[in-house]
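Data first, discussion second: the structure below is written as structure tokens.
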Amino acid sequence: MSIYKHSYRAYTGRLTPVWSRVFVLVRYGFSEIWSSKITIVLFTLSLLPSIFFLFGIYLANNPLARALVGAKNVGFTSIDAGYFLAMLQIHCWLALVLTSWIAPRLITFDLADNALPVMLSHPISRFGYVAGKFIALFSSLSAITWVPCLLLFCYQAYASPQGWTGNHLRLAAGLFAGALIWILFLSILGIALSSWVKWRMVATGIIIAAIFIPAGVGGVVSGVLRTKWGMLLNLPITMSLLWQRLLGAAPSSLGRRVDLPTSAIVFSLLLAAVGCVAMLNARIRAREMVRG
Amino acid sequence: MEVIELDGLQVRLGSRTVLDGLTGVLKGRAIGLLGPNGAGKSTLINTLLGFHDPSQGTARVFGLDTREHKAEIRGRVGYMPENDSFIGNMSGVRFVRYMAELAGLPAKPALERAHEALFYVGLGEVRYRSVNTYSLGMKQLVKLAQALVHGPKLLILDEPTNGLDPIARQRMIQLVREVRDDGEVRLLISSHLLRDIDETCDEVLILKNGKLAALCNLDEERSSNRSFLELETVGATERFTVGIRGLGCEVACFPGGRIKLVLPERVESRDLYVIAAEQGVQIRRMNRRRDSLEDIFLKAMDSDVGRPTDVYL
Amino acid sequence: MNDRIIFDDVSKFYGEVLGVNRITLSLPPGVTTLVGPNGSGKTTLMNLMTGLVQPSSGHISVLGVAPDNATEFFRTVGYCTQFDTFPRGLTGFQFVMDSLMLHGISAAQATKLAAQSLGRVNLGDAAGRRIAGYSKGMRQKIRLAQAIAHHPKVLILDEPLNGLDPMARAELLELFQELGRQGMHLLISSHILEEVDRISDRVVLITGGYLIAVGNIHQVRQEVREKPMQVIVRCQHPELLASKMFAIHHCVEARIHPDGKGVFLRTGDVDQFYSMLNDIAAEGAIKIDTVAPADDDANAIYQYLIGSDGSAS
């Protein structure tokens, strides 16, 4: 028999378990994110601060090095909650920039040519689809927030004198929790806003705007109604307060003026997240609903 | 083996009842889905895929309930939607491979099968280009490739020849017939072109206003239509018609020398030729009436006022 | 001649890209079918005919009116495109009304004409709804309504039956035929050749930007000399029939059908062929089941003249 006929044949091999399909989405999501040079640039930029903080920790723990550098003042920097608070804040706000670039790449390509009906006709539910994108985004953001922060903490623990670690374990927990809350929120926000808009650049702008515009509105509300509750809309302020409290740092002057209870802050974050889920529910569908 | 079982299926979208009281069992190798616009064909397909839940009644695919076994059903179904549905910035191979992995194939077999499927539908070097640079015909083929790649048991094709030029259309029909004849896959084809359905399907489900208007087996219908004839003649058609009537046939005469007739029991085609030869009439075309599908469709739609009496294949 | 659409050596280039090259046409009233693969220049030809683009060289005259005389030109011509986009937020009725008022027709008159044309395409009850909510078939119909509303003398239709169910197709085909009989010029482009075959008076084949053939289908077929006319005869003993045909010298080729119950016969002289066939049938030695020309339609002409080279890949 020398002629090979290639006709249709059924697949008889092994199938992967249904739950692992989510990870197919994660894998392809990563590949989509990292195929862009700008992602690499942003990622690198987001890790640069870590180097400075690393240097700072080194200097703080090595008087010799300090002398060499010429920073003789004792109050140079003490590695305390304030230091880690600054670290956390910088990393987290850079994470926002990265989210605004990455999140649209995850969703908009799928929605641009209406790929959802075909994708959802496979054994993956809408929830699985969103979960896959969420995990991809969350993992990427983790790599530039709590992972470097905790690593820096470990370095500090290693470099600092005995007993420092024991007294400051709360810092590690605070770093982890603070970063986690923020990137969980960013992930769901990024995905929801990207699914709402058709063009990537617009989605990028909207994600950034979504953080800062309510801040402005909040300021207005507070000013007009003479209440502090308007500031709940001001994410930079509320997140600062939250991180401050998680790390046990001394409240800043702004923090003393605007004293919002932690529960209110957490509640407002949850509410926003629920709103995002509702947005996703409306947009991630196998079929477009047209009214009228 | 039943492919699709519907039992009192009712589907509501918002406040509208789109499908109502659908009951029937579909067993054919290739099932045609027909109906006027808005009859509920897309909704039925979406319900089978689990995109809509029935508000009453059930729908089963290969015995699995669409409400409870969505993942299993979707794993066995390949869907080729009517509209554009792909990820534009991926290459053809990557897209088909992605879909294969979503369907459960491990990464390596997914790549192998993706290439196999693309070869089978006839997409050559284009498979390495981004899908959004494809022509319409190529996009249709890529959609078919992704539907076939995981070896589904049921292939759902929604307007597979949409927008294709005549040659590509023939190729698509040929491909569909090959898949059907291979025997491993059942097909559900929704189309507005009666001819496409006639050339590929052996069972037909006709919907009207969300209700079942007809469900029949085409093979049976075709074999029972043997004595209906259509002729095209050149020459003295009128006299010829009279002559045929004399034989006992029911005859209807149309412009352009077209004649439709029913042959009674003992009359054969030869007798027609004898009369034609006597009168110097040439019979240029003689067809057993192939339009069982048109008949079935028209009957299912009921007689509306002002509708033309002939719907051609 | 003021009742013709005339193209005189018309070419259209988009920068370097070829639209159409050196087209010469003279179309009388009636239904003309425009046939060709995707990307062959059909849409360019239609755009030239409706005055939407100007030719790079050559002259166009539609019923004596040149495209530079825009107001007169657009009043004479009605265009139904294949593209599925509409101004946002309009209802069907508003869309047709707006098009009419653009022609300078008063609002009262426009209302009447709009209602008329909506009635003709059977879209009266849905006209008050927004176009965004229409199904594909309805959007097709509203485009058509807009094209015929101002009673143009020339109607150019680009794939007008796309997405319509079989009954709507039959209705509209009858409408087109009626309009052709009334003396309008219709140019219909479609891929479903067997449908437009039935109503068209002549066919225009185009591929790669060049005209391949113009004329009545049977005429064109006869002129394709390299391929003598093919007829398929189904009967019990095809080999017997073939040998008889060879014996009478009117058959140049005979090919037995793969299922053994029919034979493809090619002949150079159609008239003699059929007379001979009739005689053989009347003799009775061979019982004839069906007779049909195998390639006297637009599909066959398409295959022969355009073939697979014409389609992009």
Of the criteria (1) out of contact with any His (no Cβ under 9 Å at 6 or more places or on another chain); (2) at pLDDT below 90; (3) farther than 18 Å from B:VAL3 by Cβ, which one B:CYS216 fails: (3)
Quick check: is even one residue across segment B:31-38 more than 14 Å from chain C (Cβ to nearest Cβ) and within 26 Å of B:VAL121 (Cβ to Cβ)? yes
Taking segment B:131-151 and the residues there that are at pLDDT below 90 and part of a helix (DSSP H, G or I), the one that is surrounded by the most Cβ atoms within 10 Å (Cβ to Cβ) would be B:GLY137
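Going by the structure shown, is C:VAL220 surrounded by fewer than 23 Cβ atoms within 10 Å (Cβ to Cβ) and not in a strand (DSSP E or B)? Quick ask: steps written out before the conclusion?
Numbers: surrounded by fewer than 23 Cβ atoms within 10 Å (Cβ to Cβ): yes; not in a strand (DSSP E or B): yes.
It is true that C:VAL220 is surrounded by fewer than 23 Cβ atoms within 10 Å (Cβ to Cβ) and not in a strand (DSSP E or B).
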Candidates A:SER139, A:SER222, A:SER194, filtered to the one that is part of a helix (DSSP H, G or I) and under 22 Å from A:LEU48 (Cβ atoms): A:SER139
Look at B:GLY104 and say whether it is among the small types (Gly, Ala, Ser) and farther than 28 Å from A:GLY128 by Cβ. no
Scan (1) over 11 Å from B:TYR79 (Cα atoms); (2) touching a residue at least 24 places away in the same chain (Cβ under 8 Å) for the single condition B:ALA147 breaks and write down its number. (1)
Would segment B:198-210 turn up any residue that is in a helix (DSSP H, G or I), in contact (Cβ under 8 Å) with a residue 24 or more places away in the chain and of a type in the set (Asp, Glu)? yes
Provide a single number: the residues in segment B:33-72 that are in contact with an Asp or Glu (Cβ under 6 Å, 6 or more places away or on another chain) and farther than 30 Å from C:GLU171 by Cβ. 5
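Return a yes/no flag: does segment B:69-82 have any residue that is more than 19 Å from A:VAL18 (Cα to Cα) and not in a strand (DSSP E or B).
Let us first name the residues in segment B:69-82 that are more than 19 Å from A:VAL18 (Cα to Cα), namely B:80-82.
Narrowing further to those that are not in a strand (DSSP E or B): B:81-82.
Yes, there is a match, as at least one residue in segment B:69-82 is more than 19 Å from A:VAL18 (Cα to Cα) and not in a strand (DSSP E or B).
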Against the condition more than 10 Å from chain A (Cβ to nearest Cβ), of a type outside the set (Asp, Glu), surrounded by fewer than 19 Cβ atoms within 10 Å (Cβ to Cβ) and out of contact with any Asp or Glu (no Cβ under 8 Å at 6 or more places or on another chain), how does B:LEU154 come out, does it pass? no
Could you please find all residues in segment B:98-125 being under 18 Å from B:LEU141 (Cβ atoms) and over 28 Å from the mean Cα position of the chain (by Cα)? B:TYR98, B:GLU125
Applying the selection to segment B:93-109, what residues are more than 11 Å from A:ARG21 (Cα to Cα) and buried (at least 24 other Cβ atoms within 10 Å of the Cβ)? B:PHE95, B:VAL96, B:ARG97
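Select the strands (runs of 3 or more DSSP E) contained entirely in segment B:247-293, then report the ones holding at least 1 residues which are away from chain C (no Cβ under 12 Å) and not small (Gly, Ala, Ser). Let's see the steps before the verdict.
Numbers: elements: B:250-254, B:258-262, B:282-288.
By residue number, B:250-254, B:258-262.
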When you look at C:THR24, is it part of a helix (DSSP H, G or I) and more than 16 Å from C:HIS185 (Cα to Cα), yes or no? no
Can we say A:LEU193 is at pLDDT 85 or above and within 24 Å of the chain's Cα centre (by Cα)? yes
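The rows are residues; the columns are (1) in contact with a strand residue (DSSP E or B) (Cβ under 8 Å, 6 or more places away or on another chain); (2) under 30 Å from B:GLU278 (Cβ atoms); (3) surrounded by 13 or more Cβ atoms within 10 Å (Cβ to Cβ).
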position	(1), (2), (3)
C:PRO238	yes, yes, yes
C:ASP259	no, no, no
C:PHE273	yes, yes, yes
C:ALA298	yes, no, yes
C:TYR302	yes, no, yes
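Out of contact with any helix residue (DSSP H, G or I) (no Cβ under 9 Å at 6 or more places or on another chain), assigned to a helix (DSSP H, G or I) and of a type in the set (Ser, Thr, Tyr): is that true of B:THR43 in this structure? Quick ask: steps written out before the conclusion?
Values: out of contact with any helix residue (DSSP H, G or I) (no Cβ under 9 Å at 6 or more places or on another chain): yes; assigned to a helix (DSSP H, G or I): yes; of a type in the set (Ser, Thr, Tyr): yes.
Judged against the criteria, B:THR43 is a match.
Determine whether B:LEU164 is of a type outside the set (Ser, Thr, Tyr), within 11 Å of chain A (Cβ to nearest Cβ) and either over 25 Å from B:GLU112 (Cβ atoms) or not in a loop (DSSP other than H, G, I, E, B) (or both).
On the way: of a type outside the set (Ser, Thr, Tyr): yes; within 11 Å of chain A (Cβ to nearest Cβ): no; either over 25 Å from B:GLU112 (Cβ atoms) or not in a loop (DSSP other than H, G, I, E, B) (or both): yes.
So B:LEU164 fails the test.
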Given the criteria out of contact with any Ser or Thr (no Cβ under 9 Å at 6 or more places or on another chain) and assigned to a loop (DSSP other than H, G, I, E, B), does C:LEU52 qualify? yes
Is there any pair with a first residue in segment B:120-138 that is at the interface with chain C (Cβ under 8 Å from one of its Cβ atoms) and a second that is among the aliphatic types (A, V, I, L, M) and surrounded by fewer than 17 Cβ atoms within 10 Å (Cβ to Cβ) whose Cβ atoms are under 7 Å apart and which are 6 or more apart or on different chains, and what are they? B:SER135/C:ALA312
Restricting to segment B:11-35, count the residues that are surrounded by 20 or more Cβ atoms within 10 Å (Cβ to Cβ) and not in a strand (DSSP E or B). 2
Considering segment B:182-197 alone, what residues qualify as being more than 23 Å from C:ASN162 (Cβ to Cβ) and either in a loop (DSSP other than H, G, I, E, B) or modelled with pLDDT of 90 or more (or both)? B:GLY183, B:GLU184, B:VAL185, B:ARG186
Residue hits (segment C:200-216; over 17 Å from B:ILE167 (Cβ atoms) and surrounded by fewer than 21 Cβ atoms within 10 Å (Cβ to Cβ)) are C:ASP201, C:ARG202, C:TYR210, C:LEU211, C:VAL214, C:GLY215, C:ASN216
Could you tell me whether any residue of segment A:79-93 is over 23 Å from the mean Cα position of the chain (by Cα) and away from chain B (no Cβ under 14 Å)? yes
Quick one: is B:ASN89 under 26 Å from C:ASN162 (Cβ atoms), without any contact (Cβ under 8 Å) to a residue 60 or more places away in the chain and in contact with a helix residue (DSSP H, G or I) (Cβ under 9 Å, 6 or more places away or on another chain)? no
Could you pull out the residue among A:ILE265, A:ILE284 that is in contact with a Lys or Arg (Cβ under 8 Å, 6 or more places away or on another chain), surrounded by 13 or more Cβ atoms within 10 Å (Cβ to Cβ), among the hydrophobic types (A, V, I, L, M, F, W, C) and within 29 Å of A:SER195 (Cα to Cα)? A:ILE284
In segment C:123-171, residues that are assigned to a loop (DSSP other than H, G, I, E, B) and either more than 10 Å from every other protein chain (Cβ to nearest Cβ) or hydroxyl-bearing (Ser, Thr, Tyr) (or both) total 13
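The values are calculated or read from the model by the stated rules, or taken from the named source; none is laboratory data. Here the structure is a predicted model, which means the values were calculated and not measured. Every residue, glycine as well, gets a Cβ built from its backbone with ideal geometry; the counts of neighbours run over all protein chains shown.
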